[in-house]
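Throughout, read-outs are computed from the coordinates displayed, never taken from laboratory work. Everything numeric in this text was worked out from a predicted model, so none of it was measured. Note that we place each Cβ from the backbone using ideal geometry, even for glycine, and neighbour counts take in every protein chain shown.
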Amino acid sequence: MLLRNCRFIITQNQKREILENKDILIENGKVMEIGNVTEMGNNLSKKDEFIDCSDKIIIPGLINCHTHAAMNLLRGVSDDKNLQEWLNEDIWPRETKINGEFCYQGTLLAAGEMLLTGTTCFNDMYFHIGDVARAADKSGMRCFLGQVMFDFFDGEKTKKIIEDSESEIKKIIDLKNERINPTVTPHSVETCSDELLIQSRDLANKYNLLLHMHLSETEKEVTDCLKNRGKRPLILLDDLGLLKNKFIGAHGIHFNQEEINLLNQNKFFIIYNPCSNAKLASGICPAWELKSLCIGTDSVASNNNLNLFEEMKFGVLLQRVKYNDVSAMSTQRIFDSATIEGARALGIENDVGSIEIGKKADLGLIDKDNIFLNPNHNIISNLVYSFNGAVSDVIVEGEFAVRNKEIVNFDLEELIEKVEKFREIL
Ligand SMILES: [Zn+2]
């Protein structure tokens with residue numbers, strides 16, 4: 001496939017170059033060449049599909065580092081409660097009714113929403129991840145999936161929870177789909193005993209997997225942890241050896257200076273979830289002070305969408321309010337958090353996150369003439385602060401997943417009809 005004469009290519013390479021009027025040659029799912037067609041004549045075969053991109057802006061596919069995709073079916077069920085009330089009164093009672101079909105259809109709906117707003121990869125934590133994986137596979141997206149684990153400090157449950165998670169991990173490994181990767185996902189220190197956290201660590205070590213959990217999301221989580229375990233959540237995880245693994249923490253709002261120093265010394269990634277955190281009145285992540293930062297939406301039940309362009313804008317604005325400083329969080333850095341830094345957080349920076357020769361072709365195509373992108377004084381500024389997210393096309397590993405604003409791999413209208421039926425059981 002040849003993306004011919006791309007008006008702008010936002011490479012997100014080391015120099016953060018923005019190329020103009022260049023071609024991108026894609027073969028076997030990878031970017032093989034970036035340049036001018038005449039210079040790469042030798043690489044062109046008759047089979048190559050030529051796509052005129054003279055009116056397109058090409059961006060790396062965005063990476064959503066914290067989702068509960070199937071919860072797309074819970075959009076709008078609870079809008080005005082804090083995290084504890086929201087979970088206890090409105091979310092967990094509904095989640096007792098969900099099944100594999102719910103998770104499949106909900107994830108497919110989420111995938112549609114992510115793809116139509118330029119996201120090509122997501123990092124998910126939920127139930128029935130075998131069904132989540134099926135939906136991700138169908139959509140064509142890249143993803144990281146973990147079976148959410150909590151024992152609510154009931155030691156009798158711990159062993160079985162770990163066994164279930166391991167069996168889900170094996171199922172995903174057996175899929176042999178390189179786009180779908182297992183992770184280990186203990187829910188949070190609020191819901192997991194020390195033993196479950198330790199066994200999660202060992203499970204992640206055993207398969208060399210990423211550990212993904214909620215961390216210091218609310219003030220209550222920190223005060224409860226201090227009261228019951230004598231330590232703040234991050235220090236507890238450090239003492240239990242979880243931070244020695246590949247670790248990624250969602251939210252990361254309530255840190256003291258010692259914890260921020262620990263995070264920055266060790267380069268653990270924190271996933272900034274500005275919209276969800278603001279909506280649940282959980283607080284504001286000290287994102288500006290953190291060296292390793294990626295971004296996520298959290299679930300639609302607390303966001304209430306998965307549009308990373310909206311998340312980036314809100315992410316900058318919240319930092320400016322938190323620090324009362326216009327230099328808090330640059331436009332480029334928030335764009336990095338949704339692209340190359342997101343890839344780094346998931347350990348796939350050699351494959352995706354930027355448009356460079358040899359990397360996988362995970363790309364978003366945007367109409368240059370989109371009303372929100374004109375006039376074009378500063379393209380990154382327009383993308384972060386103004387663009388509505390309506391990309392025209394999405395390519396994942398060299399294959400179209402969105403073509404001319406239509407989902408390629410499933411029928412969205414049919415899906416919307418199907419998911420409406422779930423309202424009756426929720
Ligand atoms: Zn979450």
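At a glance:
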| item | result |
| --- | --- |
| Per-peptide average of other Cβ atoms within 10 Å, ordering 50-62, 414-426, 149-161 highest first | 50-62, 149-161, 414-426 |
| FRET efficiency for residue 101 and residue 37, using Cβ-Cβ distance with R0 set to 35 Å, rounded to 0.05 | 0.15 |
| Candidate aspartates and glutamates for bridging to residue 421, where Cα separation is under 18 Å - those fewer than 8 sequence places away on the same chain excluded | 95, 101, 411, 413 |
| Separation in nanometres of the label points that stand 7 Å from Cα toward Cβ, at residue 327 and residue 78 | 4.2 |
| Label point 7 Å beyond Cα of residue 85 along Cβ direction - residues of segment 211-235 with amide nitrogen under 17 Å | 218-221 |
| Amide H contacts under 5 Å for residue 55, placed H, 5+ residues apart | 7 |
| Extension gain (nm, one decimal) between residue 14 and residue 164, 0.36 nm per residue minus Cα-Cα | 49.9 nm |
| Loop sites in segment 63-128: trypsin sites (Lys or Arg not before Pro), DSSP, at most 14 other Cβ within 10 Å | 97 |
| FRET efficiency estimate (nearest 0.05) - Cβ-Cβ, residue 153 to residue 405, R0 56 angstrom | 0.70 |
| Reachable lysines, given that their alpha-carbon falls under 17 Å from the alpha-carbon of residue 231 and they are not under 8 places away in the same chain | 220 |
| Total charge dipole magnitude, segment 62-346, about the Cα centre, Cβ charges on Lys, Arg, Asp, Glu only, Debye to nearest 20 | 700 |
| Tail weight of P(r) past 39 Å, computed on alpha-carbon pairs of the chain, percent | 16 |
| Angle between the chain longest axis and helix 100-116 axis [Cα atoms, degrees, rounded to 10] | 40 |
| Difference of contour (0.36 nm per residue) and Cα-Cα distance, residue 291 to residue 175 | 38.3 nm |
| Per-selection Kirkwood Rh - segment 298-426 (Cα, Å, 1 d.p.) | 17.0 |
